[in-house]
1. Please pick out the residue among E90, E76, E152, E158 that is more than 30 Å from A251 (Cα to Cα) and not basic (K, R).
2. With in the same structural domain as A25 (by TED's automatic domain parsing), over 17 Å from T203 (Cβ atoms), open to solvent by less than 50 Å² (accessible area, probe 1.4 Å) and modelled with pLDDT under 95 as the only criterion, which of F106, F156 stands out?
3. If a residue counts only when it is away from the ligand (no atom under 16 Å from the Cβ), which helices (runs of 4 or more DSSP H) contained entirely in segment 87-185 have at least 3 such residues?
4. Restrict the check to segment 335-343 and report whether at least one residue is within 16 Å of the ligand (Cβ to nearest atom) and modelled with pLDDT of 95 or more.
5. Of all the residues that make up segment 1-10, how many are within 13 Å of the ligand (Cβ to nearest atom) and either crowded, with 24+ Cβ neighbours inside 10 Å or assigned to a helix (DSSP H, G or I) (or both)?
6. Is it the case that L266 is open to solvent by 60 Å² or more (accessible area, probe 1.4 Å), within 16 Å of the ligand (Cβ to nearest atom) and out of contact with any Asp or Glu (no Cβ under 7 Å at 6 or more places or on another chain)?
7. I'm told A365 meets every condition in (1) part of a loop (DSSP other than H, G, I, E, B); (2) closer than 22 Å to M301 by Cα; (3) free of Cβ contacts under 8 Å to residues at least 24 places away in the same chain except one. Can you identify the failing condition by its number?
8. Name the residues in segment 234-261 that are touching a residue at least 60 places away in the same chain (Cβ under 8 Å), away from the ligand (no atom under 16 Å from the Cβ) and open to solvent by less than 70 Å² (accessible area, probe 1.4 Å), would you?
Amino acid sequence: MRVGVVGGCGHVGLPLGIALANAGAETVAIDTNQSSVDSVNAGQIPFMERDGASHLAKALSSRKFRATTDPAVLKECDAVVLVIGTPVDEHSNPDPDAVIRVLSSFEPHLRSGQLLVLRSTVFPGVTSRIEKWVAEHELAIEVSFCPERIAEGHAFEELTSLPQLIGTRSDAAWERSRELFSLLTSNTVRLLPEEAELVKLFTNSWRYLKFAAANQFYMMANDLGVDFDRVHAAMTKDYPRAADVPRAGLAAGPCLLKDTMQLDSLTGGSFLLGQSAMKVNESMPDYLVRAARQTFPLSEMTVGILGMAFKADIDDPRDSLSYKLRKLLRFEAKNVLASDPYVEDSRLIDQAELLRESDLIFIGAPHTAYRELTFVQPVIDIWGLLHVK
Ligand SMILES: NC(=O)c1ccc[n+]([C@@H]2O[C@H](COP(=O)([O-])OP(=O)(O)OC[C@H]3O[C@@H](n4cnc5c(N)ncnc54)[C@H](O)[C@@H]3O)[C@@H](O)[C@H]2O)c1
C-alpha cells in the first residue's frame, strides 16, 4: 500500500507516517514546512517524541519513508491521510473550511480510486462536507474520518495500543481504512463520521473538564490553607471511584481548550460545563500570582519559572499557560526569569542561572527531571510534582 500523509512532518502526521512505513506501507510525508522536511529526511525528528529518532532511522533505512514539499507525489498514493493543524480562528471559533481549503489546493493531485482519511480533529459536519466536495468534483474517492488520539510524546506506544476509530458511511471505505490501520492494530471500531467526530471532541473535552474540577478543588483547598496534594492522595488511595481524579496543573496545549471551544461553538455558546472549565483552567496563572502575592513581596523578588512546555517531558510550548504566568508575573515581580531544558526560545535562560538568581520559583511544566533538583528558595508547585516520588 502506498500512503501519502499530508501534514506529514507535524506532531501527529510524522509519527503516524513513520509507524505505517515501519509496518510495511510505502509512505511519503507531504508538508509545506521545508525545514521540517529537510530535517526529517536527514534523520532528525523536529520535536521531542519518545523513541522517535530510532523509529525514524528505521523507516529511512528501509527506504519505505521520505518527506517532500511536492504534493504531486499524492497521485501515486492509494491512501491519502490528511493531518494538518486545525486551530480555532482569531475569534476563538473553529474554521469549518480549513480542511476543504487544503484539500482544494491538492485537487490536481487526487484521483479516483483513492482512499481519503481525515485524521485532523474537525468540527462536526466537516467529514460530510468533504464527502460532498468529493462528489461535486466527480472524484470516486472513499472518505473516512479516523481521528488521532495519541498523547504527544507517547505516539509510538499509543499508535499501536489504542483502538483506531473509523468513521465512515461506506463499506468500501471501512474495508480500506481497516486494511490501512490493521498495519498498526487489529483493534478497530466502525462508526458513522458524525459519531467519530463527537467521540474525538467529547474525549478531549472530558479530559479538560476533569482538569478543571481538580484545579477548582486545588483553589478551594489552598484558600483554606489545606495541602491539596495530601487531599488528592487520600481521595485516590485504594478508592477506585475516585482513581481518575487528576492532580491540579496548568491545563494547556493545542488540543484540549480548542476542542472544548469547538463544542461550545457547536452548541451556540451553551456548553456551560465547557465554559466553566475554560474559565477555571485559563485563570490558574492569575490565581497562582494572586495567591503568591499574599505570601511573598513579589515586587522585591526575582521570580523564576521552571518549565515552559505545555506539559511534562516534551518541547512543545504551543498554548502553554507558563507564558501567561510569565506575562502576569512581569507586572508584579522585580524580575522574571524562565527556563526549560527542552523548549527552544531565545527568551529563556539556563536552568542553573535561574536556580541561582531566583528568590521564588514556580513550576510551570512538571518535567520529571525537576524531581531531582534541590531548592534553596520557596517553590510554588501546583502540579504536586515535588511530592511525587
Ligand atoms: N498534537 C497532538 O498531540 C494531537 C493529538 C491528537 C490530535 N491532534 C490533531 O491533529 C491535527 C494536527 O495537529 P499537530 O499537533 O500535528 O499540528 P502540527 O502543526 O504539529 O502539524 C501540522 C503539519 O501540517 C503542515 N501543513 C500545514 N498546512 C499544510 C498544507 N497545506 N500542506 C501540507 N502540510 C501542511 C505543517 O507544516 C505541520 O508540519 C490537529 O487537528 C490536532 O487537533 C493533535
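1. Sole residue among the options that is more than 30 Å from A251 (Cα to Cα) and not basic (K, R): E76.
2. F106
3. By residue number, 126-136, 171-181.
4. Taking every residue of segment 335-343 in turn, at least one turns out to be within 16 Å of the ligand (Cβ to nearest atom) and modelled with pLDDT of 95 or more.
5. Going through segment 1-10 one residue at a time, the tally reaches 6.
6. Here the answer is yes, as L266 does meet what is asked.
7. Condition (3) is where A365 drops out.
8. A248, G249, L250
The values are calculated or read from the model by the stated rules, or taken from the named source; none is laboratory data. Here the structure is a predicted model, which means the values were calculated and not measured. We place every Cβ from the backbone using ideal geometry, glycine too, and count neighbours over all the protein chains shown. Keep in mind that these areas ignore ligands, DNA and RNA; they rest on the heavy atoms of the full protein, side chains included. Shrake-Rupley method; radii C 1.70, N 1.55, O 1.52, S 1.80 Å.
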